[in-house]
Amino acid sequence: MDIRIRALKGPLGTHWQVSLDRHQVSFRSESEARQFVATLEARVQAPHALPAAGQRMAS
């Protein structure tokens with residue numbers, strides 16, 4: 001997953017945008033954007049249990 005943070009200047013001042021591949025999420029401050037990225041990365045890297053054989057979805 002490609003995650004980027006950038007500052008965007010607009011008529012109401014600077015806001016921060018986190019890009020996740022083709023999706024964008026805007027924040028009021030750089031610290032909010034960085035906290036979002038840290039939480040997202042922690043969730044992606046967390047161990048995930050695979051469902052039991054009987055609980056898997058059919059393909």
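The values are calculated or read from the model by the stated rules, or taken from the named source; none is laboratory data. Bear in mind the structure is a predicted one, so any value in this text is a computation, not a measurement. In this analysis, Cβ positions are derived from the backbone assuming ideal geometry, glycine residues included, and neighbour counts consider all displayed protein chains.
Is at least one residue of the stretch 5-12 small (Gly, Ala, Ser) and in a strand (DSSP E or B)?
The first filter runs over the stretch 5-12 and keeps only residues small (Gly, Ala, Ser), leaving 7, 10.
Those still in the list that are in a strand (DSSP E or B) too: 7, 10.
Yes, the stretch 5-12 contains at least one residue that is small (Gly, Ala, Ser) and in a strand (DSSP E or B).
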Of everything in the stretch 1-13, what is closer than 15 Å to ARG34 by Cα, exposed (fewer than 13 other Cβ atoms within 10 Å of the Cβ) and at pLDDT below 95? Give them in sequence order.
ASP2
Inspect all residues belonging to the stretch 47-57 and state whether any of them is at pLDDT 95 or above, out of contact with any Ser or Thr (no Cβ under 6 Å at 6 or more places or on another chain) and not aliphatic (A, V, I, L, M).
no
Close pairs (7 angstrom Cβ cut-off, 6 or more residues apart or separate chains): in contact (Cβ under 8 Å) with a residue 40 or more places away in the chain in the stretch 27-55, surrounded by fewer than 10 Cβ atoms within 10 Å (Cβ to Cβ) and among the acidic types (Asp, Glu) anywhere
none
